[in-house]
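The values are calculated or read from the model by the stated rules, or taken from the named source; none is laboratory data. Fair warning: this is a prediction, and the values are worked out from it, not measured in the lab. Cβ: placed from backbone, ideal geometry, glycine included. Neighbour counts: every protein chain shown.
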Amino acid sequence: MKKILLLAVMIISIFILSGCSEHPFRAASGTEYIISDTISFDYYNGSNSIQLFEYNFSSEYKFFIEEQGINYHFTSINNYEDISKEFIDLLKNYEDNIQYDRFINNTGNGKIDLSLGATESDFNLTSVSIDDELYDVDAFIVVENGLRIIFSYTEFYHNGELIIVPYHLSILAYEIHEAYLKEFLPENNEYVEEKAVLTKYVTHIIPFPPKVGFWPTVFDNKDELKDLGRFMRIIEDDSIGIEGTQEVCSEDVSDNCFEIEYSTLNGFIYNLSIGEVILFYEENWGGRYDGNNFIFFINGDSYKMSLGETTLNIEYDNRDDINEDVITFEITKYNE
């Protein structure tokens with residue numbers, strides 16, 4: 001049985017410390033305070049940028065966004081009743097493509113302090129009674145274009161009505177990298193002192209079922225590999241005898257070219273059998289078998305997936321270890 005450390009998705013109860021009450025709208029380091037009726041996600045693949053996600057609320061709300069623009073942080077600064085209804089609607093909108101993790105939170109003591117709408121100097125808190133249990137929840141949401149959303153919140157019932165207190169919403173894209181250009185650089189180039197090969201990439205978003213985990217992957221396991229960001233990698237190589245550039249070999253380019261290269265994605269899928277994983281891809285993107293590998297299709301491209309079964313011991317922060325039966329996967333681009 002394999003044993004790994006999986007950091008649980010951040011699940012933090014939404015409680016406001018009285019010592020911070022004079023600064024409701026102070027943004028944490030690396031975040032920006034905004035007022036908006038929209039959460040969105042713009043995706044750059046190394047070649048062009050496109051907006052892949054937008055969700056509109058019925059009115060403007062106050063929240064914090066991380067500088068990279070994919071993580072939204074909500075605190076008890078909006079009227080809790082209004083924003084609760086907004087996120088109940090969001091979950092209903094994706095109810096056919098969600099898995100939930102729920103954990104009892106024992107710190108509520110039958111009540112929780114929530115805002116009726118903060119001002120610049122006051123959270124304007126009110127004590128709200130809890131009918132039964134207070135839960136911390138992670139909702140794992142699949143968006144039809146392959147993006148995933150992880151939404152962490154607290155939920156409870158008050159006088160028979162569901163209340164959701166949002167904390168953190170992340171919009172995620174999991175990618176395979178495709179090399180499209182190699183530059184053979186002389187000594188003392190702009191990156192390193194040695195001769196080197198600079199490879200440039202574009203990325204392709206790969207969809208996954210709601211609840212997944214990933215093992216670290218790299219584009220190349222050479223010790224000389226240097227990371228220049230998501231779209232470039234460089235390897236020092238004194239043996240290089242040429243300079244200039246190379247493209248991917250094709251029908252039009254057959255000399256001074258390189259065979260197509262892709263990265264792989266490796267990880268595990270919770271709560272599904274191999275058959276259910278296959279069905280997920282067949283229903284949403286189509287697919288077929290090629291030997292022991294399953295091939296599925298996205299935007300005209302084909303991807304190869306190999307699947308297996310194992311049991312992992314998952315170590316959570318502040319929770320007991322759990323043995324999970326999971327489906328392991330490896331995915332890469334497929335060319336017939």
Q | Residues being closer than 13 Å to Gly69 by Cα and surrounded by fewer than 11 Cβ atoms within 10 Å (Cβ to Cβ) - total across segment 32-55 | A | 2
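Going through Glu259, Glu251, Glu283, Glu276 one at a time, which residue ends up being loosely packed, with under 14 Cβ neighbours inside 10 Å and within 20 Å of Glu183 (Cβ to Cβ)? Lay out the reasoning, then the answer.
On the way: Glu251 fails: within 20 Å of Glu183 (Cβ to Cβ); Glu283 fails: within 20 Å of Glu183 (Cβ to Cβ); Glu276 fails: within 20 Å of Glu183 (Cβ to Cβ).
Selected residue: Glu259, the only one of Glu259, Glu251, Glu283, Glu276 that is loosely packed, with under 14 Cβ neighbours inside 10 Å and within 20 Å of Glu183 (Cβ to Cβ).
This table checks each residue for (1) modelled with pLDDT under 95; (2) buried (at least 17 other Cβ atoms within 10 Å of the Cβ); (3) outside the structural domain of Asn159 (by TED's automatic domain parsing); (4) of a type in the set (S, T, N, Q).
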| position | (1), (2), (3), (4) |
| --- | --- |
| Tyr61 | no, yes, no, no |
| Glu67 | yes, no, no, no |
| Asn78 | no, yes, no, yes |
| Asp82 | no, no, no, no |
| Phe87 | no, yes, no, no |
| Asn97 | yes, yes, no, yes |
| Tyr100 | no, no, no, no |
| Ile104 | yes, no, no, no |
| Lys111 | yes, no, no, no |
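Got a number for residues in segment 42-77 being among the hydroxyl-bearing types (Ser, Thr, Tyr) and farther than 20 Å from Tyr201 by Cα? Quick ask: steps written out before the conclusion?
So in segment 42-77, the residues among the hydroxyl-bearing types (Ser, Thr, Tyr) come out as 43-44, 47, 49, 55, 58-59, 61, 72, 75-76.
Now narrow it down to the ones that are farther than 20 Å from Tyr201 by Cα: 55, 58-59, 61, 72, 75-76.
Qualifying residue count for the region: 7.
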Q. Does segment 163-185 contain any residue that is assigned to a loop (DSSP other than H, G, I, E, B), among the hydroxyl-bearing types (Ser, Thr, Tyr) and touching a Leu at 6+ places or on another chain (Cβ under 7 Å)?
A. yes
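Can you find, within segment 142-152, the residue that is nearest to the chain's Cα centre (by Cα) among those that are closer than 16 Å to Phe103 by Cα and not hydroxyl-bearing (Ser, Thr, Tyr)? Break it down stepwise before answering.
Within segment 142-152, the first condition is being closer than 16 Å to Phe103 by Cα, and the residues that meet it are 150-152.
Imposing the further condition that a residue be not hydroxyl-bearing (Ser, Thr, Tyr) reduces the set to 150-151.
Details: Ile150: 7, Phe151: 10 Å.
Applying the filter and picking the extreme gives Ile150.
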Q) Taking segment 240-255, which residues are more than 30 Å from Phe329 (Cβ to Cβ) and in contact (Cβ under 8 Å) with a residue 12 or more places away in the chain? A) Ile240, Ile242, Glu243, Gly244, Thr245, Gln246, Glu247
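Would a scan of segment 204-226 turn up a residue that is under 15 Å from Glu183 (Cβ atoms) and either assigned to a loop (DSSP other than H, G, I, E, B) or modelled with pLDDT under 75 (or both)? Give the derivation first.
Start the filter on segment 204-226 by keeping residues that are under 15 Å from Glu183 (Cβ atoms), which leaves 226.
If we keep only those that are either assigned to a loop (DSSP other than H, G, I, E, B) or modelled with pLDDT under 75 (or both) as well, we get 226.
Checking segment 204-226: at least one residue is under 15 Å from Glu183 (Cβ atoms) and either assigned to a loop (DSSP other than H, G, I, E, B) or modelled with pLDDT under 75 (or both).
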Q.
Out of everything in segment 159-193 that is of a type outside the set (A, V, I, L, M, F, W, C) and more than 32 Å from the chain's Cα centre (by Cα), what residue ends up being surrounded by the most Cβ atoms within 10 Å (Cβ to Cβ)?
A. Asn189
**Q.** Residue that is surrounded by the most Cβ atoms within 10 Å (Cβ to Cβ) [pool: residues in segment 125-152 that are in contact with a Gly (Cβ under 8 Å, 6 or more places away or on another chain) and in a strand (DSSP E or B)]
**A.** Leu134
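Per-residue answers, yes or no, for (1) basic (Lys, Arg); (2) under 21 Å from Thr38 (Cα atoms):
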| position | (1), (2) |
| --- | --- |
| Glu66 | no, yes |
| Ser76 | no, yes |
| Asp82 | no, yes |
| Lys85 | yes, yes |
| Lys92 | yes, yes |
| Phe103 | no, no |
| Thr107 | no, no |
| Gly110 | no, no |
| Glu120 | no, no |
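Going by the structure shown, is Asp122 surrounded by fewer than 19 Cβ atoms within 10 Å (Cβ to Cβ) and touching a Pro at 6+ places or on another chain (Cβ under 8 Å)? Break it down stepwise before answering.
Values: surrounded by fewer than 19 Cβ atoms within 10 Å (Cβ to Cβ): yes; touching a Pro at 6+ places or on another chain (Cβ under 8 Å): yes.
Judged against the criteria, Asp122 is a match.
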(Q) Considering only residues that are polar (S, T, N, Q), assigned to a strand (DSSP E or B) and over 16 Å from Phe74 (Cα atoms), which ones fall in segment 102-124? (A) Asn105
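Going by the conditions given, is Glu155 under 28 Å from the mean Cα position of the chain (by Cα), assigned to a loop (DSSP other than H, G, I, E, B), of a type in the set (Asp, Glu) and in the same structural domain as Ile112 (by TED's automatic domain parsing)? Write out each step before concluding.
Working: under 28 Å from the mean Cα position of the chain (by Cα): yes; assigned to a loop (DSSP other than H, G, I, E, B): no; of a type in the set (Asp, Glu): yes; in the same structural domain as Ile112 (by TED's automatic domain parsing): yes.
Answer is no for this residue.
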